[in-house]
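Written out below as structure tokens is the structure these notes cover.
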Amino acid sequence: MEYSDLLIEQHGKVVVIRLNRPKAMNALNDNMMNELGDALYKFDADPAVNVIVLTGSEKVFAAGADIAAMANYTYADTYPGNYIGRNWEHILNVRKPVVGVVSGYALGGGCELAMMCDFLIAADSAKFGQPEIKVGVTPGAGGTQRLPRTIGKSKAMDMLLTCRMIDAGEAERTGLVSRVFPAEKVMEEALAVANTIAAMPVSVAMQIKDSVNRAFETTLTEGVRYERRYFHAGFGTPAQKEGMNAFLEKRKPDFDGL
Ligand code: CO8
């Protein structure tokens, strides 16, 4: 598939998917979300890829769902027609790590899409917000759910009800992003982070991602049982043999293809 709203770059075992609708602040329309789903599934299945980086431009990650495209939708379009929704959550089916890199605005559906990444790295220019109330709707892709779970109820309510944007510093303090870098260095630094993950055994990275996500869906006891199954099963894998033998032999492990 040729992409008109995405740019793709590959750096070793890391693939970078860049949202690219510069004239519309990367507003997320149906075509872009279809293309994103296609690209995510393709790279998730590609043995040459261990990590996916999702980013936008220097100015904007994404300024939300495309308001021009949805302004005239009716309820029949949205609920029975499922015009906006059906292609938004493909990212949650991706089994390999997805690192989001946010420079500039991540607003509305853009902030929600960012929160669907496994973790976020931000440029010091990043601004996160959920201004849906100002266009007369609630968030629809997890803003009222993932934001309070991530930054706490008080800050989330504040952002959701007043449309206040938070900057990169506040996003890092509240746990929305894991690291912040100067805007001009953020991609270089994010690629270094992604390459660190890409050098680990991809099978174990996938198990860790699955276990962490399970933590948000189950009780602590069940979550630990789930984790324990992966831990025990690890002893049947080449990644465990290579990792532990390399440690004992005082050499660097080679997890290529594991
Ligand atoms: N949709 C469509 N077009 C947009 C959007 C958008 N969300 N955001 C910006 N644009 C367009 C503008 O209309 C403008 O187009 P034009 O040049 O043709 O007039 C162009 O991008 C540049 O924008 P601005 O001139 O406004 O640029 P500024 O630098 O002045 O401002 C902002 C940048 C602050 C990002 C501003 O554009 C803005 O506030 N955008 C809207 C943000 C917003 O309200 N987002 C929430 C949208 S609703 C939503 O996301 C619901 C998600 C539900 C998902 C459910 C899935 C299941």
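The values are calculated or read from the model by the stated rules, or taken from the named source; none is laboratory data. If you're wondering where the values come from, they're calculated on a predicted model, not measured in any experiment. Backbone-built Cβ (ideal geometry, glycine too); neighbour counts: all protein chains shown. Accessible surface is based on the protein model in full, side chains and every heavy atom, while ligands, DNA and RNA are left aside. Shrake-Rupley method; radii C 1.70, N 1.55, O 1.52, S 1.80 Å.
Counting only helices (runs of 4 or more DSSP H) that fall entirely inside the range 103-176 and contain at least 1 residues that are in contact with a strand residue (DSSP E or B) (Cβ under 7 Å, 6 or more places away or on another chain), under 15 Å from residue 59 (Cα atoms) and among the small types (Gly, Ala, Ser), the qualifying elements are 109-115, 168-173.
Among the residues in the range 130-139, are any among the hydrophobic types (A, V, I, L, M, F, W, C) and open to solvent by less than 20 Å² (accessible area, probe 1.4 Å)?
Start the filter on the range 130-139 by keeping residues that are among the hydrophobic types (A, V, I, L, M, F, W, C), which leaves 133, 135, 137.
Now restrict to residues that are open to solvent by less than 20 Å² (accessible area, probe 1.4 Å): none.
Within the range 130-139 (the criterion being among the hydrophobic types (A, V, I, L, M, F, W, C) and open to solvent by less than 20 Å² (accessible area, probe 1.4 Å)), the answer is no, since none of the residues qualifies.
In this structure, residue 162 does not satisfy being of a type in the set (Val, Ile, Thr) and in contact with a helix residue (DSSP H, G or I) (Cβ under 8 Å, 6 or more places away or on another chain).
For (1) crowded, with 18+ Cβ neighbours inside 10 Å; (2) outside the structural domain of residue 110 (by TED's automatic domain parsing); (3) within 16 Å of the ligand (Cβ to nearest atom), each residue gets a yes or a no:
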| residue | (1), (2), (3) |
| --- | --- |
| 11 | no, no, no |
| 17 | yes, no, no |
| 21 | yes, no, yes |
| 24 | no, no, yes |
| 28 | yes, no, yes |
| 32 | yes, no, yes |
| 35 | yes, no, yes |
| 53 | yes, no, no |
| 65 | yes, no, yes |
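Among residues of the range 142-170 that are in contact (Cβ under 8 Å) with a residue 40 or more places away in the chain, those with a Cβ under 9 angstrom from a residue that is among the hydroxyl-bearing types (Ser, Thr, Tyr) and open to solvent by 30 Å² or more (accessible area, probe 1.4 Å), sequence gap 6+ or separate chain, pair up as 165/105; 167/125; 168/125.
Name the residues in the range 111-133 that are within 11 Å of the ligand (Cβ to nearest atom) and in contact (Cβ under 8 Å) with a residue 60 or more places away in the chain, would you?
Initial filter on the range 111-133 (within 11 Å of the ligand (Cβ to nearest atom)): 111-113, 116, 127, 129-133.
Hits for the range 111-133 are 113, 131, 132.
Note on the range 173-216: residues that are over 15 Å from residue 118 (Cα atoms), charged (D, E, K, R) and without any contact (Cβ under 8 Å) to a residue 60 or more places away in the chain total 4. Give the residues of the range 3-30 that are over 15 Å from residue 109 (Cα atoms), among the charged types (D, E, K, R) and more than 18 Å from the chain's Cα centre (by Cα), sorted by residue number. Residue satisfying the conditions is 23 alone.
Has the range 216-223 got at least one residue that is more than 16 Å from the chain's Cα centre (by Cα), under 27 Å from residue 43 (Cα atoms) and not assigned by TED's automatic domain parsing to the domain that holds residue 119?
We begin by selecting, within the range 216-223, every residue more than 16 Å from the chain's Cα centre (by Cα); these are 217-223.
Then drop every residue that is not under 27 Å from residue 43 (Cα atoms), which leaves 217.
Filter again for not assigned by TED's automatic domain parsing to the domain that holds residue 119, leaving 217.
Yes, the range 216-223 has at least one match.
The rows are residues; the columns are (1) among the acidic types (Asp, Glu); (2) assigned to a loop (DSSP other than H, G, I, E, B).
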site: 54; (1), (2): no, no
site: 68; (1), (2): no, no
site: 77; (1), (2): yes, no
site: 85; (1), (2): no, yes
site: 100; (1), (2): no, no
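Residues in the range 243-258 that are in contact (Cβ under 8 Å) with a residue 40 or more places away in the chain and either surrounded by fewer than 17 Cβ atoms within 10 Å (Cβ to Cβ) or touching a Cys at 6+ places or on another chain (Cβ under 7 Å) (or both): 257 only.
Any idea which of 108, 140, 81, 136 is more than 11 Å from the ligand (Cβ to nearest atom) and over 24 Å from residue 209 (Cβ atoms)? Exactly one of 108, 140, 81, 136 is more than 11 Å from the ligand (Cβ to nearest atom) and over 24 Å from residue 209 (Cβ atoms), namely 81.
Restricted to the range 84-105, and to residues there that are surrounded by fewer than 22 Cβ atoms within 10 Å (Cβ to Cβ) and polar (S, T, N, Q), the residue that is nearest to the ligand (Cβ to nearest atom) is 87.
Okay, residues lined up against (1) more than 21 Å from residue 95 (Cα to Cα); (2) of a type outside the set (Val, Ile, Thr); (3) surrounded by fewer than 19 Cβ atoms within 10 Å (Cβ to Cβ):
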residue: 167; (1), (2), (3): yes, yes, yes
residue: 170; (1), (2), (3): yes, yes, yes
residue: 173; (1), (2), (3): yes, yes, yes
residue: 179; (1), (2), (3): yes, yes, yes
residue: 192; (1), (2), (3): no, yes, yes
residue: 201; (1), (2), (3): no, yes, no
residue: 208; (1), (2), (3): no, no, yes
residue: 212; (1), (2), (3): no, no, yes
residue: 218; (1), (2), (3): no, no, yes
